[in-house]
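The next block holds one structure in the form of structure tokens; read it before the comments.
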Amino acid sequence: MTCDHITEGNVGIPNGYQTVYREECVRCFVSQDSEAGIDLCLACFESGCGPNDHNHSKTHFDQKQHPVMLNIKRKPKPKTCEEPLRKLTKLEIREESEEDIYDWFYQPHCLICKTDLDIQQPLISASFQAVIKAPKASNKSQVKAWENEIVPCEHTLCLQPQADEIPNLKETKCSNCDLKDNLWMCLHCGTLSCGRKQYGGGGGNGHAIEHFENKKHAVSVKLKSITPDGHADIYCYNCDDERIDPYIEDHLAVFQIDIKKLNKTEKSLAELQLEQNLNWDFGTSEEESGSTRLFGPGLTGLKNLGNSCYLASTMQSLFSIKEFARFELDLFTTCNSTCKNPASNFQCQLSKLAEGLCSGKFSKPSELGRQTTGSSPMLPFQDGLRPYMFKDIIGQDHAEFGTAQQQDAYEFLVYLLNLIRKNSVGKPDISTLFDFEIEQKLLCLSCKRARYSTFSSQGLTIPVPRRKIGEENGEAIYEEVTLNECLDKAVEPDSMEYTCEACKSKQGATTQLSLKTFPKALALQVNRFDIQASQVRKLGIPVKVLEEGLYKLDHLRAKPRPEDEELLPEGSPTIDWNEQAIEQLQAMGFPLVRCQRAMLATNNADAETAMNWLFEHMEDPTIDDPIDLSELKQATKNNTVSNDKIQSLREFGFSEVQAKRALLETNNDVERAVDWIFSHPDETYEETIDETGESMEAEKVKWDSESLPASYQLKAIISHKGGSAHAGHYVAFIRKEIEGQDVWVLYNDEKVLKVSSLEEAKATGYVYILERVDNVTA
């Protein structure tokens, strides 16, 4: 049958800049692996599910009037041999001979004519050939997933080696112990030292970093990683990161080492990281013992996109909160059916993730895994959803979350809640689930006058008591503490140096935090980190939690102010601190006074800028001096939009709604606002800002309360294994009700299984989410 709709306007050929979404529906997680497959629009190359699902293919047609679709589906081929699937051996993303694993089925059809079309028709055939050769949308997102963008730094570029020692390459060992593997040679003086456990293939006692701390020699090379063509593991301890030494051959020659005669005999850092990502031992005892694989609503795993476990664990924890899940599921039925640019719309992709995780229809044993496990009675794990569109949007305006590097889960949670608020302009803001108010009291130790300040927060960083009880293999061992102890310590008075503005005494003061209101969901980040030699180190302090029962937090509430208490003078200059940046810095282990001093020095900038300033000024004699209120300058965030600047942008040809949104995003900076508009071509302004301009803020739904009792139940733990919050692996332990019983469920990327206890979370818990409960007695 002929079709009049086969025209160049309806059937195109993707160019090198267009993204081809040929793997899954852009509005939901129905994919090419579903029974009916998906429909790929041959005009704009977005895909939608068919009438057997949400019929997003028709939604796409109703909006864009593109009728010609290519239905794509695939099925695993029957297993013909017992050979395991090919294992990745390089730090890269690549196709794994999918044609050998799957049978593919393609069928073009017209939505208007409601008929199948001939794939050999010249225009359709040309489009089809280009589509199957085009990079997949997920590949554009994942191409950096297992790559580290390693570059030189000033320390490698300016390196001037001096051969204090000439290493004997035939009898190499650490200069401080007898280890012969995982040896790092200082490129400043030639000293050989063993590396750290997390970086070495054969373990280590950390003598290389001790050498750096003692000598301030920053650049080292892993001796047995060097190849004749100049590839080697280079580490800069000043940058605390892997680096490239473009002059490695010349630098080694200073120590009479001919690089052409060297051979690599140990795994590189990249290979060790890949091996770690493929075989991470987290909850393995549960997995190997045959613990129950779980499937069903709210029990859907997320595929690791390459160091994306911080995102997966955080999102699983958020959607475990019923109010959050219900809110986003409601938006799925509205936003996703009206959104004009779903692949690049934050709210559309967030609600898509809600439907994917909560519906349960994607929570089923892997079909490919069934073939791999053969006759084993144990069900395979899920394939897991791949939220690459969501991750792409998250990283658009964030330098760190836009990379494939591991990130801090708590920093991500804080950033995500802020992003939800920004995208809720004129609409209800579900991030208020985490809102609460903190009161800070400053008390002069001499005259007993006080000053009170209140600020809003969406999370609380709490200290962990440090009681060292011994050492093992050079690592400190700490006494177990409870989460209640950490909470108590968070509200203890803290002494500080202070010159009183009222009595002029220099006797000092105390500061004390307390909660004015209690949120529906309380996010706690335990500060297990310490700063040693300008590096953030994680401390292995076990924190015990209540698996059952309630946390009574009434004692955290701010006490009534004494009627006879005198207040310190008001009217001093104040600053509207960048609380999000301060929380991130405190999460890294920096004291509050240093965080505030860094924010002042960097004009209340972001956490990364402030952190760089801190590392440059660690030796300043006044770094720990209390902030003198008389020195503060007014530095408030501008939440209003200047009419003059709106008019300036309108003169460039932008609409009023574009101008308002861009100025709001760039703190009333016209030049940056123009850049923001051009860098967000797919922004749908009508979906976030009322055209009248009357509603420029999110509609806040108040969840926090001053009422008592404040009873909470532990809902989720985001656990982290590794020496730094920016490396290692994250998983989530979440309380779920299954068959009328509360059980703890481990979410380890796509693996979802029941666990017998939270013992593993003692030493690895990093973020704790407590949910307020009403009418429940302990």
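Under 1.5 on a/c is rounded, so check that first for the stretch 438-597, then, if it is not, pick prolate when a/b is larger than b/c and oblate when it is not; a ≥ b ≥ c are the square roots of the alpha carbon gyration tensor eigenvalues. Prolate is the answer for the stretch 438-597, as a/c is 1.5 or above and a/b outweighs b/c. Amide H to amide H, with H built 1.01 Å from N, Ile477 comes under 5 Å of Ile469, Gly470, Glu471, Glu472, counting only residues 5 or more places away or on other chains. Beyond a 28 Å Cα-Cα separation, which of these cross-linked pairs lie in this structure: Lys516/Lys754; Lys322/Lys754; Lys322/Lys361; Lys173/Lys264; Lys264/Lys538? Table pairs above 28 Å Cα-Cα are Lys516/Lys754; Lys264/Lys538.
Note that the stretch 27-40 has calculated 3J(HN,Hα) couplings of 9, 8, 9, 5, 10, 5, 8, 6, 4, 9, x, 10, 9, 9 Hz, one per residue in order, obtained from phi through the Karplus relation 6.51 cos²θ - 1.76 cosθ + 1.60 (θ = phi - 60°); glycine and proline are x. Could you tell me which of rounded, prolate or oblate describes the stretch 154-276, using a ≥ b ≥ c as the square roots of the eigenvalues of the alpha-carbon gyration tensor, with rounded for a/c under 1.5 and, failing that, prolate when a/b is larger than b/c and oblate otherwise? It is rounded, given that a/c, with a ≥ b ≥ c, falls under 1.5. Using a/c under 1.5 as the rounded threshold, could you call the stretch 7-77 rounded, prolate or oblate? The axes a ≥ b ≥ c are square roots of the C-alpha gyration tensor eigenvalues, and prolate needs a/b larger than b/c, oblate otherwise. It is oblate, given that a/c is not under 1.5 and a/b is not larger than b/c. Here the Karplus curve 6.51 cos²θ - 1.76 cosθ + 1.60, taken at θ = phi - 60°, turns the phi angles of the stretch 426-443 into couplings of x, 10, x, 10, 6, 5, 5, 3, 9, 6, 7, 10, 10, 9, 10, 10, 10, 10 Hz, with x standing for Gly and Pro.
Put simply, the amide H of Ser175, placed in the peptide plane, has neighbours under 5 Å in Leu192, Ser193, Cys194, leaving out anything fewer than 5 places away on its chain.
Taking amide H as placed 1.01 Å from N in the peptide plane, Tyr551 has its amide H under 5 Å from the amide H of Tyr712, Gln713, Leu714, each at least 5 places away in sequence or on another chain.
Listed cross-link partners Lys216/Lys721; Lys340/Lys721; Lys441/Lys544; Lys364/Lys391; Lys114/Lys303; Lys216/Lys441 are compared with a 31 Å cut-off, the Cα-Cα value being larger for Lys340/Lys721; Lys114/Lys303; Lys216/Lys441.
Couplings for the stretch 402-408, taken from phi via the Karplus curve 6.51 cos²θ - 1.76 cosθ + 1.60 with θ = phi - 60°, read x, 9, 9, 7, 5, 10, 7 Hz in order; Gly and Pro are left as x.
Every read-out reported here was derived from the displayed coordinates using simple, explicitly stated rules and does not represent laboratory data. Predicted model, so just to flag it, every value in this text is computed and none were measured.
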